[in-house]
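Visitor: Mind looking over this structure? Questions follow.
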Amino acid sequence: MSSSGFSWKLEDHPKLPKGKTVAVVVLDGWGEANPDKYNCIHVAETPTMDSLKKGAPEKWRLVRAHGTAVGLPTEDDMGNSEVGHNALGAGRIYAQGAKLVDFALASGKIYEGEGFKYIKECFDKGTLHLIGLLSDGGVHSRLDQLQLLLKGASENGAKRIRVHVLTDGRDVLDGTSVGFVETLENDLSKLREKGVDAQIASGGGRMYVTMDRYENDWGVVKRGWDAQVLGGAPHKFQTAVEAVKKLREDPNANDQYLPPFVIVDESGKPVGPILDGDAVVTFNFRADRMVMIAKALEYEDFDKFDRVRVPKIHYAGMLQYDGELKLPKHYLVDPPEIERTSGEYLVHNGIRTFACSETVKFGHVTFFWNGNRSGYFDASMEEYVEIPSDAGITFNVQPKMKALEIAEKARDAILSRKFDQVRVNLPNGDMVGHTGDIEATVVACKAADEAVKMILDAIEQVGGIYVVTADHGNAEDMVKRNKSGQPALDKNGNIQVLTSHTLQPVWNFLSFSS
Ligand SMILES: O=C(O)[C@@H](CO)OP(=O)(O)O
Ligand SMILES: [Mn+2]
Ligand SMILES: [Mn+2]
């Protein structure tokens, strides 16, 4: 024990047998809900998960994965992968980014911090650019926080503001982009009445423009760079409301995938490219989908795509997005200090870890699990395996994704007996659930169930232990509901497909009695 009384040494568990391989399986987006036709997990054939449910009651729990139980601001906040994996990996609950930003904005402390002072240095001569997800989903960002920041920045001296919006349709219903852009336009026109030159300068759908993660497809970030920094995009409009309305006229249009657009003046000139001397804030609080754009904005050495022009700017994140890389250097709100996570304990106790998922969820079982830190704690004790995801497709086209490949890697790791903990994330329920394609989500759930079977069979072979759980709900409820739990119909009498996560609880199955 150190002089401070803290020790990395783990005591033996009173009940758990020692020296057994432990498999930790996280089913992404797999909650518990009433069995009906919009519950894709119920509709799908899931014999493995069904048999776990029939296990002895002391071997399972239903646990909350949303709201204050996991460190989110309110009970209306659905769970998400960041909070879910942070909590699972740390074994503790932290006030998450959303909550910390709320505090900083409400108290005004955000304007006293180093990050704001740094961007403020550009307010006299330059433009303040705000880039982020425009919705009230509360997973990556929140509209009310953007509104407060706009007000606060202008009161603190910003004279020229440009907002670069990313439309959502994933944490909120598809089609809501129009309303969010109208609300923002209205706010900006009020700022203009007060003499602030404030406008939307560019936009695009979050999954097609800017918000890629874990380096799955740099083309996504490049499209954003071209519109936001260079002022170039295939679509040009004079207002953002016109842009989203027009782009949504395409019968296949989807808020998540709207093509990039820039706003131009009467002479066709972009109204807000990012220039030398400007300040830039990425206003998402959540890390994973901001790391790549942060690298593009901050790194001098950068070879992921041709940036063409690299403006000399003062850049700050809403939070610092990567604690290991210290990226970005400047930020408006201190991120949660997620320390002494389980992974770090394991390496200090000589326990060997194997972690695996496919690219789109790889960072969930590594970066998020380790408290938003990239890299290994101790490379000699850990092996992280990333299976490349298919890029450039929506996952309803390939609902099985790489579940089988992930399970095979986990199986081989278990049977090799080289690891004490083998943890995986199975993305299917979540990634296909987000597409809103109900039929494909049923196929996805079956594939995830088969993957669980392969892993549990391997665990049985080595006499190991398993924990099967989820980070939050998604595939178990694919329809927007009214207060009495019935599908809420739109004005044409149609159901509204829910692409988002849910407020449902998740299972926690253990192969031993806790
Ligand atoms: O795709 C994402 O970014 C979020 C939804 O916004 O999903 P998850 O939290 O499961 O990663
Ligand atoms: Mn998730
Ligand atoms: Mn998700």
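Every number here is computed from the coordinates shown, using simple stated rules; none is lab data. This is a predicted model, so every value here is computed, not measured. Note: ideal-geometry Cβ built from the backbone for every residue, glycine included; neighbour counts use all protein chains shown.
Visitor: For LYS151, go through the lysines and keep the ones whose alpha-carbon is under 17 Å away, minus same-chain ones fewer than eight residues off.
Guide: Excluding near neighbours in sequence, the set is LYS109, LYS117, LYS120, LYS159, LYS190, LYS194.
Visitor: In region 198-288, what is the volume of the convex hull around the alpha carbon atoms, normalised per residue and reported in Å³?
Guide: Numbers: hull volume 10.4 nm³, N = 91.
Convex hull volume per residue, Cα atoms: 114 Å³.
Visitor: How high is the FRET efficiency from ASN482 to HIS235, r the C-beta distance, R0 30 Å, rounded to 0.05?
Guide: On the way: r = 36 Å, r/R0 = 1.21.
Efficiency computed from Cβ-Cβ geometry: 0.25.
Visitor: What do you get for the angle between helix 97-107 and the principal long axis of the chain? Use alpha-carbon atoms, 0 to 90 degrees, nearest ten.
Guide: That works out to roughly 40 degrees.
Visitor: What list do you get for ARG223, ARG352 if you sort them by fewest beta carbons within 10 Å?
Guide: Numbers: ARG223 23, ARG352 19.
Fewest-to-most Cβ neighbours within 10 Å comes out as ARG352, ARG223.
Visitor: Right, next: Let me confirm the definition first: pairs of Lys residues in region 264-419, 8 or more apart or on different chains, C-alpha distance under 16 Å. How many are there?
Guide: Value for region 264-419: 10.
Visitor: In addition: Take the alpha-carbon positions of region 449-489, form their convex hull, and give its projected area averaged over all directions (one quarter of the hull surface) in nm². Intermediate results must be reported in sequence, preceding the final value.
Guide: On the way: hull surface 17.2 nm².
With the hull built on Cα positions only, its mean projection is 4.3 nm².
Visitor: Using the Cα atoms of region 440-510, I'd like the radius of gyration and the largest Cα-Cα distance, Dmax, both in angstrom.
Guide: 16.8, 56
Visitor: If the cut-off is 23 Å between C-alpha atoms, which lysines fall inside it for LYS54, apart from same-chain ones fewer than 8 positions away?
Guide: Partners within reach: LYS15, LYS37, LYS446, LYS453.
Visitor: If you line up the long axis of helix 143-155 against the longest principal axis of the chain, both from Cα atoms, how many degrees apart are they, to the nearest 10?
Guide: 40
Visitor: If the chain were replaced by its equivalent ellipsoid, with semi-axes equal to the square roots of 5 times the Cα gyration tensor eigenvalues, what would those be, largest first, whole Å? Walk me through the numbers before you get to the answer.
Guide: Values: eigenvalues 310, 143, 80 Å².
Values for the chain, descending: 39, 27, 20 Å.
Visitor: Moving on to the next point. Based on the mean of other beta carbon atoms within 10 Å per residue, what is the order of 451-457, 201-207, most packed first? Intermediate values should be presented prior to the final figure.
Guide: Working: 451-457: 21.4, 201-207: 28.9.
Peptide ranking by packing, descending: 201-207, 451-457.
Visitor: Next question. Just how far, in whole angstrom, is region 476-514 from region 47-91 if you go by their alpha carbon centroids?
Guide: Using only Cα atoms to place each centre, the spacing works out to 15 Å.
Visitor: Another question, if that's okay. Express in nm, to one decimal, how much length is gained between PHE6 and LEU404 on full extension, taking 0.36 nm for each residue of separation and deducting their alpha carbon distance. Mind dumping the intermediate values first?
Guide: Working: separation 398, 0.36 × 398 = 143.28 nm, distance 4.13 nm.
Fully extending the segment from PHE6 to LEU404 adds 139.2 nm.
Visitor: Okay, moving on. For the chain, what does -39500 (n - 2.57) per DSSP helix run (n ≥ 4), summed and divided by total residues, give at 222 nm, in deg cm²/dmol to the nearest 500?
Guide: Values: 15 runs with 150 residues, N = 514.
Result for the chain, helices only: -8500 deg cm²/dmol.
Visitor: Could I ask something else about it? For the ranges 39-48, 158-167, what's the packing order if you count other beta-carbon atoms within 10 Å of each residue, average per peptide, and put the highest first? Walk me through the intermediate numbers first.
Guide: Numbers: 39-48: 20.3, 158-167: 25.6.
Put in order of decreasing packing, that is 158-167, 39-48.
Visitor: How would you rank ASP420, ASP50, going from fewest to most other Cβ atoms within 10 Å of each one's own Cβ? Intermediate results must be reported in sequence, preceding the final value.
Guide: Working: ASP420 19, ASP50 12.
Ranking ASP420, ASP50 by Cβ neighbours within 10 Å, fewest first, gives ASP50, ASP420.
Visitor: In addition: Taking a quarter of the surface of the convex hull around the Cα atoms of region 315-424, what do you get in nm²?
Guide: Details: hull surface 33.0 nm².
One quarter of the hull surface, i.e. the mean projection, equals 8.3 nm².
Visitor: I've got another one for you. Assuming a viscosity of 1.567 mPa s and a temperature of 4 °C, what translational diffusion coefficient in µm² per second does Stokes-Einstein assign to region 44-143, Rh being the Kirkwood radius over Cα pairs?
Guide: Using the Kirkwood radius from Cα pairs, D works out to 77 µm²/s.
Visitor: For PHE305 and LYS18, FRET efficiency with R0 = 60 Å and r from the beta-carbon atoms, rounded to 0.05?
Guide: Details: r = 50 Å, r/R0 = 0.83.
Result of the calculation: an efficiency of 0.75.
Visitor: What's the magnitude of the charge dipole for region 349-504 around its Cα centre, counting Lys and Arg as +1 and Asp and Glu as -1 at the beta-carbon? Answer in Debye, nearest 20. The partial results should precede the final answer.
Guide: On the way: 16 positive and 21 negative charges, 66 e Å.
Roughly 320 debye, rounded to the nearest 20.
Visitor: R0 = 25 Å: FRET efficiency of ASN349 with ALA56, Cβ-based, nearest 0.05?
Guide: Numbers: r = 29 Å, r/R0 = 1.18.
E(calc), rounded to 0.05, equals 0.25.
Visitor: Considering the dipole of region 327-463 built from charges on the beta carbon (Lys and Arg +1, Asp and Glu -1) around the Cα centre, which of GLN461, MET401, GLY363 is farthest to its positive end?
Guide: GLN461
Visitor: Would you mind telling me the antiparallel percentage of the DSSP bridges in the chain, rounded to 5?
Guide: Details: 15 of 65 bridges.
If we restrict to bridges inside the chain, about 25 percent are antiparallel.
Visitor: So how many Å³ per residue does the convex hull of the Cα atoms of region 119-235 work out to?
Guide: Details: hull volume 13.1 nm³, N = 117.
Per-residue hull volume (Cα only) is 112 Å³.
Visitor: Something else now. Taking the Cα-to-Cβ direction at GLU266 and at GLN496 and moving 7 Å from each Cα, how far apart do the two end points lie in nm?
Guide: 3.9
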